[in-house]
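Asks: The structure that follows is given in the form of structure tokens.
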Amino acid sequence: MISDNEKFNMQVKPNSAFLDELKAKLPEFFDCEGNFDLDKFKGQLEEHNINELKDGYQLNFIGKDYARRQAGERPSTVIVPDQEQNNVEGKDSKNLFFTGDNLEVLRHLQNNYAGKIDVIYIDPPYNTGNDDFVYPDTFEYSDEKIKEMFGIDDEQIKRLKSIQGKSSHSSWLTFMYPRLMLAKKLLSNNGIIFISLDDNEQANLRNLLNFLMGENNFIASMIVKRKSGPNNVGIIPSIHDYLLVYARDILQLGEDIGLPLKRKGYSNPDNDPRGPWTTMPLSANHVGPHFKITNPKNGKTYLPSAGRYWVFNEKEVEKRIKDGRIIFGKSGETAPVQKVFLSDRIAAGKKQKIGTIIENEGINNRGTKELEELLGNSKVFDTPKPSSLIKFILKIINNKNAIVLDFFAGSSTTADAVMQLNAEDGGNRKFIMVQLPEKTYTVNSDGKEVPTKGGKAAYEAGFKSIDEISRERIRRAVAKIKADNDLTLPKDFDGSFKHYRVVNPTKQTLEDIEDFDPDNTTLFTDMVDSFSSKGLDVAGDATGEQTILTTWLAKDGYSFDTDIKKIDFDGYEASLVEDSRLYIINNGWSSENTKALLNKIGTHQITVQTIVLFGYSFNIADLRELEIGLKQLDGNINLLKRY
């Protein structure tokens, strides 16, 4: 598990993530050993005379290779289920909340959520220099290892490390690059990412997104008004933020972006049984039919204006005149126009186009008042985004079943907005929130807890970390939604979440992993228990087996609510997932358990394609006995040993 991933990470290069993506898209440029054939690839480019790869625009910053390497690494953490939340309040919920570093969470989600996220909204640190950079994004390798990984000298290492902890552009880009790279892989083919930010990094983020997402997938740079008017700060005080919008694949997106059509502009003065209508021009400036249209009422004829053409041919025009879909003005005496019915446009999925300026939905004091109403204190969280902004975003994507990810959850405005909108329109959207457990206090030399500068109000309100605020906001938002929509709330309304903590193993566990010898005939350490909530010193009451299994299920592509059955093998319980994959994790496996397993498989009591076992729980003798027994069975069962 952790050991396997650490070994993999030691081999990761800055281009590993890119090569993995390239291999998935262009496997023909890789040989049988998985090596990229650069000459073959260059040959393809040269045939098309693409020389701009040498001389064209590139995005460069100090730390870029380090950021690229981070994007290719596997998680070095485990996923600890909060059994106290998940077995009670969140038992039937499909919503997810992760407490932990979002880079690690994004790494964990690469297998079970790749290509499944419809909307990503994030409001990342704005890099203003105001202590808003709290993520544990340090260079964790020794200087010698960094030299080896990147081929750089002492002076370059000094430059690289100099960006840490500063509000430099390079530091911010190094921080954002791997997170956005991994987020892109989670988006569905028609998925969209929305990112809020201000002028500090807007230009740099635009360049980074062009580089990672592709400039052709840019949709808009929207202006979000956050204040009703200017204050006295700066020469020209800023009253807006930006909302950058990019598609995963703009060709898959279609024309489905926009708000639901409004009835404004539609009427039914002639009591047409087809309902309210409006008129549209019958001509356009693209080349098309050009003929005379005759008004059957008075015989008057019309041609399109100079440089314009009719949008229908003669036969279709005649049909539509008889059907009353082409009229000669409301008086019947003017140039022909189309009669367009509101019902037809709704049925065709037409949307009300939006502009790039958001006037009212993003006003900051709305978010502050909203949080104060829920938590009773407006100062527990600085400048929370209003739920109206997130609801606006969710409305324009036109997907009531969207999976929505926010990996800078903050006060969980996004989760609140998802649930509000589901209550309003009967949608079945799901949210995934990720929030770092940033503490609201420090511990002084006397061991006394002292609130941080910005965390005083939250600490005094009983919140020891930001993620606690996030989860409590969701709970109180649910209570308000239920109170406000008591009679109209959908029966399948999901008003809760499953909670997971993404944490590092303890130093002692890592030392035990380092010292473990798989050839030993006896086991001296219960490695499983070191991954329990107690062993990891976190809340939640999870056993070590539950933590390991949850982490592996994500690794193997299973959802967090996948079907798990406990199977007894002569007193030893293992986990069978979706009737095909068996996980053997706990200590205590013996010859009797092997015999029981082989009997159940051989007599077709269970069907197993793959067995995954926790290597630290097996001595060499029991492991070999199991391997030999499986080989003797009919069928081909894959045995995976993980460390």
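Asks: In region 337-356, what residues are out of contact with any helix residue (DSSP H, G or I) (no Cβ under 9 Å at 6 or more places or on another chain) and aliphatic (A, V, I, L, M)?
Replies: Once the filter is applied, which keeps residues that are out of contact with any helix residue (DSSP H, G or I) (no Cβ under 9 Å at 6 or more places or on another chain) and aliphatic (A, V, I, L, M), region 337-356 yields VAL337, VAL340, LEU342, ILE346, ALA347, ALA348.
Asks: I need a count of the residues in region 439-474 that are among the charged types (D, E, K, R) and either loosely packed, with under 15 Cβ neighbours inside 10 Å or farther than 22 Å from GLY540 by Cα (or both).
Replies: Looking only at region 439-474, we keep the residues that are among the charged types (D, E, K, R), and these are 439, 446, 448-449, 453, 456, 460, 464, 467-468, 471-473.
With the extra rule that they be either loosely packed, with under 15 Cβ neighbours inside 10 Å or farther than 22 Å from GLY540 by Cα (or both), the set shrinks to 446, 448-449, 453, 456, 460.
Residues meeting the conditions: 6.
Asks: May I pose another question? Filter region 258-276 for residues that are in contact with a helix residue (DSSP H, G or I) (Cβ under 7 Å, 6 or more places away or on another chain), closer than 19 Å to GLN352 by Cβ and in a loop (DSSP other than H, G, I, E, B) and give the result.
Replies: Those that are in contact with a helix residue (DSSP H, G or I) (Cβ under 7 Å, 6 or more places away or on another chain), closer than 19 Å to GLN352 by Cβ and in a loop (DSSP other than H, G, I, E, B): GLY258, LEU261, ARG263, TYR266, GLY275, PRO276.
Asks: If we keep just the residues of region 487-517 that are touching a Leu at 6+ places or on another chain (Cβ under 8 Å) and in a loop (DSSP other than H, G, I, E, B), which is surrounded by the most Cβ atoms within 10 Å (Cβ to Cβ)?
Replies: PHE497
Asks: Any idea which residue in region 457-486 is modelled with the lowest pLDDT, counting only those that are more than 30 Å from GLU6 (Cβ to Cβ) and not in a helix (DSSP H, G or I)?
Replies: Selected residue: ASP486.
Asks: Condition check: outside the structural domain of TRP310 (by TED's automatic domain parsing) and of a type in the set (S, T, N, Q). Does THR334 satisfy that?
Replies: Here the answer is no, as THR334 does not meet what is asked.
Asks: Here is a list of conditions, (1) in contact with a helix residue (DSSP H, G or I) (Cβ under 9 Å, 6 or more places away or on another chain); (2) at pLDDT 75 or above, and GLU144 meets all of them except one; can you say which number that is?
Replies: Looking at each condition in turn, GLU144 falls short on (1).
Asks: Given (1) part of a helix (DSSP H, G or I); (2) in contact with a Phe, Trp or Tyr (Cβ under 8 Å, 6 or more places away or on another chain); (3) of a type in the set (Gly, Ala, Ser); (4) under 26 Å from ILE363 (Cα atoms), where does SER196 come up short, assuming only one miss?
Replies: (1)
Asks: Now, a different point. Applying the selection to region 304-329, what residues are outside any helix (DSSP H, G or I) and either touching an Asp or Glu at 6+ places or on another chain (Cβ under 8 Å) or surrounded by 14 or more Cβ atoms within 10 Å (Cβ to Cβ) (or both)?
Replies: Residues satisfying the conditions are PRO304, ARG308, TYR309, TRP310, VAL311, PHE312, GLY324, ARG325, ILE326, ILE327, PHE328.
Asks: Restricting attention to region 1-32, which residues are under 24 Å from the mean Cα position of the chain (by Cα), assigned to a helix (DSSP H, G or I), at pLDDT below 80 and surrounded by 16 or more Cβ atoms within 10 Å (Cβ to Cβ)?
Replies: Answer for region 1-32, where residues must be under 24 Å from the mean Cα position of the chain (by Cα), assigned to a helix (DSSP H, G or I), at pLDDT below 80 and surrounded by 16 or more Cβ atoms within 10 Å (Cβ to Cβ): just ILE2.
The values are calculated or read from the model by the stated rules, or taken from the named source; none is laboratory data. These numbers come from a predicted model, not from an experiment. Note that each Cβ is placed from the backbone with ideal geometry, even for glycine, and that neighbours are counted across all protein chains shown.
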